[in-house]
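Handing you a structure now.
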Amino acid sequence: MSREAILVAGLMAAYAASLIVWLLGALARRERVSQASVWIFAASLVINTAIIGMRWVEAGRAPFKTLYETLLFYPWCVAVVTLVLLGLYRLRVLIPLSAAACLAGLAYARMKPDVEIVNLPPALQSAWFVPHVVTYFIAYAALFTSFALAILALVRPQWRSQREEAGFADYAHRSVEFGFMALTLGLVMGSVWGKFAWGDYWAWDPKENWALVTWLAYLVYLHGVYIKGWRGRPGMVVCVLAFVAVMFTYLGMNLLPSASGSLHVYQ
Amino acid sequence: MSLIAVVVLWATLTGISHISSLRAGMGHLAVLLGAAVLGAVLSVVWPGLHRWLTSIPFAVALLGAVLVLTAFGTFVLQGAPPEELVKRYGSAAAEMMTFLSLDDVFHSGAYRALLGVLALALTLVTIKRKAWRLPEWGFLVLHLGVVAVLVGGLIGSFKGLRGFIDIHEGQVVDSIQLTNRDGTPQNEQRPLGFGLRLDKFEIERYPLEYRFLVYAAEHGEYAVIASHSMKDAARWTPIGDSGEEFRLVKAYPDFLLLEELRESDDPSSGPAVQLRVYEPDGSSRPLILLAAEKGREVATLSGVALRFVWEPDAYKPEATGELPERHAVAVQGGPEIEVAPGQTYPLGGYEMKVVTFLPDFIYDTKAREGRSRSPVPNNPALKVSIRKEGGGPSEERWLFARMPEYSHGSGEGPKLVYTYQAPRKPAERELVIVGKTREVIDYRRGTEAARALLKIGGTDEDPIAPGVTIGCERLLERAEEAHVPTTRSIEWQRPVAEIERRCGETVAREFLGAGPNQALRVGEDGPVLVFDKKSDDIRAYCSRVSVVEGEKAVKAATIVVNSPLEWRGYQFYQSNYRADDLSYSGILVVKDPGLPMVYAGFVMVSIGVIFIFYLRPRIRRARIAAKRSAL
């Protein structure tokens, strides 16, 4: 096993540990144990950062080129967003869900490792590469937390935070707001980049179309909450479904018949 | 309710675009303008419609409809020929899809019209909310930003153009071949009003890197399962799951197997000298002469014969005379007789006819006969036909001067020995190296002209031909030849990896040349090890161009991917190259008058989302928190 593979295995163990420790804390109703899960989660983020940093140095470029590389970066974004939400709203219940998402991403990464570090092709050599990808993955991460919170809202609609009297649905909404902002900025950046790289700011490429579908799905949610009766359950269901669109946009492009010639599909 | 209405709306728009039967170009504009005017007029005279168009449920339904159509456009093959659709989805479904324009959603009138309705609704809702008031500025910027993008896109699709330039170095092109969106050429050339000259096309590459790739068969197809850098492969590395391992001992960028002499313990080995020949171009090569091995004791360099003997009197060149070609045959142990092709000779109770002579015999397996590969006497062979004196069956056989053991035919006749003497002209000059006395004797036309002591390690200052000198590197009484792998240069001209393979306890050393043709296969269907250079090595395609107006070059620029040239409203993109014609460059040309509007829309949308979805909620929550603490 390469050094990176060992570190990724270690990272998975760390995220798994935070998940298990959180469960133990919840079962035993021990505040300190629950708090420990947060520290383990934070330590996982440090390892995750180190892996990405090492690969960045080794590749001599931002490691966001291949599916495998983004599958190392996505957990990092999820962890960052989760810790920010923890800092803002004390939503410790996100730890097990985020840790599980990180584990899923890393497990997939281990199934599809790169055989070698690939060079950056001409189309990706752009100042837009890093901001576009980072903005999008931050958006995906924030939308993941909205998804997780929406599920919590569907399971525990009555729960209210002590500080703000806000329920999971409110926090899911806030996550969507932030995620949608990042999603829009990422879309705009991608569009401008596309203009510089290919001459078109929009080419009806399947990945672009699904980025649009995702964007429209969250627009449906953001407008839908103004319809009477959509607040609460139906809104949360839309929130969950919209995240399915996010995941399809990220990982599902290989399944599309129209994507064979796309420049966006991860090989 | 709204959802149904939007579906009906889409169906109506599809119908309209079918009635107008113009699926491209101005037809869309007609549909869009018609829908917009109709909508605007209707919404004024019919307040209910206006209310509905600006309602949230309508917005949600419209967004949902665009969403569903967009998703459809990715699941259904787009822009495919009808027969492909029929093959994939069946004829009924294909017909349905074509009728509903689902096979080309994004360019269909209905889809565009829905986007038009979206723009209309956004405009109406902005007016309805009186969004120009200060507290509504975020709403205004965001919604009108989307309208600006849509309108800019519309302008671009009607007033913009796309084209292509095929250009070679030195060529000036002043018009573009117009193309459709998918890149297929239209039947129109559009003059640019200026010229574009390709001064130079260059491909930049990443640093060359050779790696070890392990291929394994999966479902009958070989795919790369591992890739190891030379640095990593210095450690024992598994070759797939074969159980074998390899490691790189040394990599030779420009491989050469060097011949070298070594001291030998073997009493049967003979004397040898290792010379080095320096050519006029500065290169040098080794030359090994073996005194005891026939044919290898002499070499000819630029007409000068170099000969190596051990004993001082072992060789004296003939002062005069050419040696003619000579064939001689003897019954084994008997006297030799000289023969010539075409003649018949009595030979110890037999009659022998010499049929033919081949100087460089090989057996042609296709023609099933012997032929000569070259006129050089590398493998002299004589075809003879023998029979008993006074009659009887004749037997044909080949006699080989160099390979006497192959000379005997299957018949019962006598064993024949063939000796061949190649024709020889006396050398103008002959240098004889005498090993024992370490002397070099210079013979001119067979007569000793000079004699000198052999310098080991140095170079002979006296050139044997213009620019060609030789030096003696090693002289040994008992020598053996060794092959030493080496590299001629540090350029990766002929890369070879010297590797060790380990299977259990056994370790074998091998040379693995670069490239897939020299792959090392482990077992029958096992993994394959390939030493090859990294293939994704193109860093950039650069077209160095000049803009030519009149006769003058007014601007020089380098077009690379992600960095187009902009000139007079046209953008020029690096788009194509030809591996077999490196003076060619393919340039995509785009003109889009809607672009400033689209970019303005992007800026508005960006500012709008940051304000509405990030800043405003924080401000609100901060206010609420302040109120709370005030209470």
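The values are calculated or read from the model by the stated rules, or taken from the named source; none is laboratory data. What you see is a predicted model; the values in this text were computed from it and never measured. Heads up, the Cβs are rebuilt from the backbone with ideal geometry, glycines too, and the neighbour counts pull from every protein chain shown. For accessibility, only protein heavy atoms count, side chains too; no ligands or nucleic acids. Shrake-Rupley method; radii C 1.70, N 1.55, O 1.52, S 1.80 Å.
Scan around B:Gly370 for amide H atoms under 5 Å from its own, H built in the peptide plane at 1.01 Å from N, and keep only partners 5 or more places away or cross-chain.
Those qualifying (amide H under 5 Å, at least 5 residues apart or on another chain) are B:Asp364.
Another question, if that's okay. Taking only Cα atoms, what is the 0 to 90° angle, nearest 10, from helix B:616-630's long axis to the longest principal axis of chain B?
Orientation of helix B:616-630: about 60 degrees from the principal axis.
Taking 7 Å along the Cα-to-C-beta vector as the label spot, tell me the B:Asp581-B:His483 distance in nanometres, rounded to one decimal.
With each label placed 7 Å out from Cα toward Cβ, I get 4.4 nm.
Right, another one. From the helices alone, meaning DSSP H stretches of at least four residues, give me the mean residue ellipticity at 222 nm for chain B, per-run term -39500 (n - 2.57), in deg cm²/dmol to the nearest 500.
-8000 deg cm²/dmol
Using a simple spin-label model with points 7 Å from Cα along the Cα→Cβ vector, what separation in nm is obtained for A:Leu23 and B:Asp232?
Each label point is offset 7 Å from its Cα along the Cβ direction, giving 3.3 nm.
In region B:215-237, what residues drop by 50 Å² or more of accessible area when the other protein chains are put back, versus the chain on its own? Use 1.4 Å, and skip ligands and nucleic acids.
Flagged in region B:215-237: nothing.
Okay, next question. Quick one: among A:Gly186, A:Gly229, A:Gly25, which has the greatest mean-square fluctuation in a GNM of chain A with alpha-carbon springs under 10 angstrom?
A:Gly229
Further, regarding this structure: Would you work out if region B:170-232 is rounded, prolate or oblate? Take a ≥ b ≥ c from the square roots of the eigenvalues of the alpha-carbon gyration tensor; rounded if a/c is under 1.5, else prolate when a/b is larger than b/c, oblate otherwise.
It comes out oblate by the Cα gyration axes.
Angle check, please: helix B:56-75 long axis (alpha carbons) against the longest principal axis of chain B (alpha carbons), in degrees 0 to 90, nearest 10.
20
Summing Lys, Arg as +1 and Asp, Glu as -1, what charge do residues with Cβ under 15 Å from the Cβ of A:Leu94 carry, A:Leu94 excluded?
Charge balance in the 15 Å sphere: +3.
Determine the shielding of peptide A:211-222 by partner chains: average, over its residues, the number of Cβ atoms on other chains within 10 angstrom of each Cβ.
Other-chain Cβ atoms within 10 Å of each residue's Cβ, averaged: 5.
Here's a follow-up. Computing the accessible area with a 1.4 Å probe over protein heavy atoms, can you report the carbon and sulfur percentage for chain A?
On chain A, the fraction of accessible area on carbon and sulfur atoms equals 66 percent.
Which one of B:Met96, B:Gly446, B:Ile490 has its Cα pushed farthest toward the positive end of the charge dipole of chain B, where Lys and Arg give +1 and Asp and Glu give -1 at the Cβ?
Checking the options against the dipole of chain B, the answer is B:Met96.
Taking beta carbons within 10 Å but only from partner chains, what does the mean come to for residues A:182-195? Walk me through the numbers before you get to the answer.
On the way: counts 4, 2, 9, 5, 0, 4, 9, 2, 0, 4, 3, 1, 0, 9.
Going residue by residue through A:182-195 and averaging, the value is 4.
Of the accessible area of chain B, with the probe set at 1.4 angstrom, what percent is carbon plus sulfur?
Here carbon and sulfur together make up 56 percent of the probe-accessible area.
Lys and Arg at +1, Asp and Glu at -1: add these up for the other residues within a Cβ distance under 15 Å of B:Glu369 and post the number.
Values: positive: B:Lys366, B:Arg368, B:Arg371, B:Arg373, B:Lys383, B:Arg397; negative: B:Asp360, B:Asp364, B:Glu396.
Summing Lys and Arg as +1 and Asp and Glu as -1 gives +3.
Would you mind checking the pairs A:Lys65/A:Lys195; A:Lys65/B:Lys87; A:Lys195/B:Lys87; B:Lys128/B:Lys627; B:Lys250/B:Lys534 and listing those with alpha carbons more than 28 angstrom apart? Mind showing how you got there, number by number?
On the way: A:Lys65/A:Lys195 20 Å; A:Lys65/B:Lys87 36 Å; A:Lys195/B:Lys87 35 Å; B:Lys128/B:Lys627 31 Å; B:Lys250/B:Lys534 19 Å.
A:Lys65/B:Lys87; A:Lys195/B:Lys87; B:Lys128/B:Lys627, as the Cα separations exceed 28 Å there.
What's the angle, to the nearest 10 degrees (0 to 90), between helix B:137-159's Cα axis and the longest principal axis of chain B?
Rounded to the nearest ten degrees, it is 60.
Ok, one more. Accessible area per residue of the protein assembly as shown at 1.4 Å probe, in Å²? Please list the in-between numbers first.
Working: 45680 Å² over 898 residues.
Per residue, the protein assembly as shown has an accessible area of 51 Å².
Can you give me the orientation-averaged projected area of the convex hull built on the Cα atoms of chain B, in nm²? If you can, show how the numbers build up before the last one.
Values: hull surface 229.9 nm².
If you wrap the Cα atoms of chain B in a convex hull and average its projections, you get 57.5 nm².
Mind listing the phi-derived Karplus ³J(HN,Hα) values for region B:538-553, rounded to whole Hz, using 6.51, -1.76 and 1.60 with θ = phi - 60°, and x for any glycine or proline?
Going residue by residue, I get 7, 8, 7, 9, 10, 9, 8, 10, 10, 8, 10, 10, x, 10, 9, 7 Hz, with x marking Gly and Pro.
Is the C-alpha gyration tensor of chain A telling us rounded, prolate or oblate? Criteria: a/c under 1.5 is rounded; beyond that, a/b larger than b/c is prolate, otherwise oblate. Walk me through the numbers before you get to the answer.
Details: a/c = 2.19, a/b = 1.18, b/c = 1.85.
It comes out oblate by the Cα gyration axes.
With +1 on each Lys and Arg Cβ and -1 on each Asp and Glu Cβ, and nothing else charged, work out how big the dipole of the protein assembly as shown is about its Cα centre, in Debye to the nearest 20.
Numbers: 93 positive and 88 negative charges, 1276 e Å.
Roughly 6120 debye, rounded to the nearest 20.
In addition: Using packing as a proxy for protection, rank B:349-356, B:259-266 so that the peptide with the highest average count of other Cβ atoms within 10 Å comes first.
B:349-356, B:259-266
Hey, got the dipole for chain B? About the Cα centre, +1 on K and R Cβ, -1 on D and E Cβ, debye to the nearest 20?
4700
Turning to a different aspect of this structure: Report the Stokes-Einstein translational diffusion coefficient (µm² s⁻¹, integer) for the protein assembly as shown, Rh taken as the Kirkwood radius over Cα pairs, at 37 °C with viscosity 0.692 mPa s.
Details: Rh = 35.7 Å.
For the chosen part, D equals 92 µm²/s.
Give the range of the longest stretch in chain A that excludes all trypsin sites (Lys or Arg not before Pro) found in loop regions by DSSP and having at most 16 other beta-carbon atoms within 10 Å.
With trypsin sites (Lys or Arg not before Pro) excluded where exposed in loops, chain A gives A:91-159 as its longest stretch.
Here's something else I'd like to know. Putting +1 on Lys and Arg Cβ atoms and -1 on Asp and Glu Cβ atoms, find which of B:Thr419, B:Ser535, B:Ala131 reaches farthest to the positive end of the dipole of chain B.
So the residue furthest toward the plus end is B:Ala131.
Can I ask one more? Under a straight-distance cross-link criterion of Cα-Cα below 28 Å, which lysines are reachable from B:Lys415, leaving out those fewer than 8 residues away in the same chain?
B:Lys294, B:Lys353, B:Lys383, B:Lys388
Could you sort B:47-53, B:191-197 so that the peptide with the highest average Cβ count within 10 Å comes first and the rest follow in order?
Working: B:47-53: 14.3, B:191-197: 17.1.
Order by mean packing, descending: B:191-197, B:47-53.
With a ≥ b ≥ c taken as the square roots of the eigenvalues of the C-alpha gyration tensor of region B:142-269, please select rounded if a/c is under 1.5 and otherwise prolate if a/b is larger than b/c or oblate if it is not?
Prolate, because a/c is 1.5 or more and a/b exceeds b/c.
Assign unit charges at the C-beta atoms only (+1 for Lys and Arg, -1 for Asp and Glu), then state the dipole size of chain A relative to its Cα centre in Debye, rounded to the nearest 20.
Charge dipole of chain A: 820 debye, to the nearest 20.
Along the charge dipole of the protein assembly as shown, which of B:Leu178, A:Pro206, A:Val240 sits closest to the positive end, that is, farthest toward it, with unit charges on the beta carbon of Lys, Arg, Asp and Glu (+1, +1, -1, -1)?
Checking the options against the dipole of the protein assembly as shown, the answer is A:Val240.
B plus A alone minus the pair: what accessible area, both sides summed, probe 1.4 Å, in Å² to 100?
Approximately 4700 Å² gets buried when B meets A.
Just to confirm a number: summing +1 for Lys and Arg and -1 for Asp and Glu over residues other than B:Ile239 whose beta-carbon lies under 13 angstrom from that of B:Ile239, what do you get?
-1
Right, next: Quick one: which of B:146-156, B:241-251 comes out on top by average Cβ neighbours within 10 Å, and what's the full order, highest first? It would help to have the intermediate numbers written out before the result.
Values: B:146-156: 20.6, B:241-251: 17.5.
Result, highest mean Cβ count within 10 Å first: B:146-156, B:241-251.
Calculate the all-directions average of the projected area of region A:1-118's alpha-carbon convex hull, and give it in nm².
7.0
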